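**Student:** Structure below; questions to follow.
The values are calculated or read from the model by the stated rules, or taken from the named source; none is laboratory data. Since this is a predicted model, take the numbers as computed values, not measurements. Because the Cβ atoms are built from the backbone with ideal geometry, glycine has one as well, and the counts that use them run over all protein chains shown. In case anyone asks, the SASA skips ligands and DNA or RNA and just uses the protein heavy atoms, side chains included. Shrake-Rupley method; radii C 1.70, N 1.55, O 1.52, S 1.80 Å.
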Amino acid sequence: MRRLAIPLLFACTAMQAQQTSQYTQYVLNMFAINPAVAGSKDCIDVRMGYRQQWVGFQGAPTTGWATINSVLKPKRPKGLHNNRHGIGAFVESDNTGPLGYTSFQLAYAYHIQMKQDVFLALGFFGGVKQEKFSLGDVYAMDNNDPALVNSKSVMVYPDITPGIWLYGKSTWAGLSIQQMLGNRVDDIGLETRLTRHYIASVGHRYRMSKHFSVVPSGLFKLSPGSPLAMDLNVMLEYRRKLGLGISYRNQDAVALMIKVPFLKYFTLGYSYDITTSKLRVGGANTHELILGIYPCTPLDPDKAIVRCPIFE
């Protein structure tokens, strides 16, 4: 199956990366990467996004997704921080040439207060994934190839992603394992499996002055048979009202980012990836758009969860 996809994408490493989705604005979309983030805000948090990768390249990846998560607050005496429960859901559709998948995941996370304004969260996604293969989009020399004859859309379950996340007012660090079970995908190709993807993230907000701060961050992804992938981002913020950033992804792209809060409860993020790999000869750049909705009302500071940089 992978041999079929390689000619379509011209690079084995690019194909392997598309077993799971790629996000440039991972700081604005952290829950989609790590289920332990569920419940980290004081209210319902909704994110919706669309990514068109390698525009102008036939069969290039496209991804659409939506997430929702919220905290379940226990009733405790006023003025005390508490351990908390978070719940959420994540739906995603990804298509790359003849290959694609649709995923639906439910999330649960438990947040443990380590000290003042520092929490450790443990969580997991649990759900199902539909792997798809469109034989009509394949051009083969041998239509009787056993990798093609019996291929069709199949359901894969359960699909489990555990995660751990440490966060405070200015810093976060996390680790998740996507497709942890390494499920076998019957009826698509030969000996096809979902590969485990190990994803680590870390970031910190440095206050430069009364109005300016800078947020450097990194995302590191590793899966068997693929080289380490690194996304290194820097976002400059003005009064937490406007964010301008730049990102570097090794062996793939440099990206420009903008983040704009508006109408009190909304944030819009946009990134434009400039491809630096050999795919650049086809003008194959990338657009990504994310809308965040979180109707948080002002709370007593003694009751509020810490305001981590990824949510502002």
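**Student:** Within the set of pairs 6 or more residues apart or between chains, which connect a residue that is hydroxyl-bearing (S, T, Y) inside region 264-285 to a residue that is outside any strand (DSSP E or B) and crowded, with 16+ Cβ neighbours inside 10 Å with Cβ atoms less than 6 Å apart?
**Tutor:** Correct list of pairs: S271/T24; S271/Q25; T275/A284; T275/N285; S277/D252.
**Student:** I would also like to ask the following. Which of the residues spanning region 264-279 are part of a strand (DSSP E or B) and open to solvent by less than 50 Å² (accessible area, probe 1.4 Å)?
**Tutor:** The answer is T267, G269, S271, D273, T275.
**Student:** To continue, here is another question. Which one of A140, A229 is loosely packed, with under 14 Cβ neighbours inside 10 Å, of a type in the set (G, A, S) and at pLDDT below 95?
**Tutor:** None of the others qualify; the one that does is A140.
**Student:** Could you please find all residues in region 280-312 being at pLDDT below 90 and not in a loop (DSSP other than H, G, I, E, B)?
**Tutor:** R280, V281, G282, P309, I310, F311
**Student:** What is the residue count in region 233-263 for residues that are open to solvent by 50 Å² or more (accessible area, probe 1.4 Å), touching a residue at least 40 places away in the same chain (Cβ under 8 Å) and among the basic types (K, R)?
**Tutor:** 1
**Student:** Given (1) touching a residue at least 40 places away in the same chain (Cβ under 8 Å); (2) surrounded by fewer than 19 Cβ atoms within 10 Å (Cβ to Cβ); (3) out of contact with any helix residue (DSSP H, G or I) (no Cβ under 7 Å at 6 or more places or on another chain); (4) not β-branched (V, I, T), where does E288 come up short, assuming only one miss?
**Tutor:** It is condition (2) that E288 fails.
**Student:** Determine which single condition Q18 fails, assuming it passes every other condition in (1) at pLDDT 80 or above; (2) open to solvent by less than 40 Å² (accessible area, probe 1.4 Å); (3) touching an Asp or Glu at 6+ places or on another chain (Cβ under 9 Å).
**Tutor:** For Q18, the failing item is (1).
**Student:** Report, by residue number, each residue of region 175-221 that is open to solvent by 70 Å² or more (accessible area, probe 1.4 Å) and of a type in the set (S, T, Y).
**Tutor:** Y198, Y206
**Student:** Then there is this: Is it true that some residue in region 89-110 is over 20 Å from the mean Cα position of the chain (by Cα), modelled with pLDDT under 95 and surrounded by fewer than 16 Cβ atoms within 10 Å (Cβ to Cβ)?
**Tutor:** No, that holds for no residue.
**Student:** Since H81 meets every condition but one in (1) surrounded by fewer than 20 Cβ atoms within 10 Å (Cβ to Cβ); (2) at pLDDT 95 or above, which condition does it not meet?
**Tutor:** Unmet for H81, out of (1) surrounded by fewer than 20 Cβ atoms within 10 Å (Cβ to Cβ); (2) at pLDDT 95 or above: (2).
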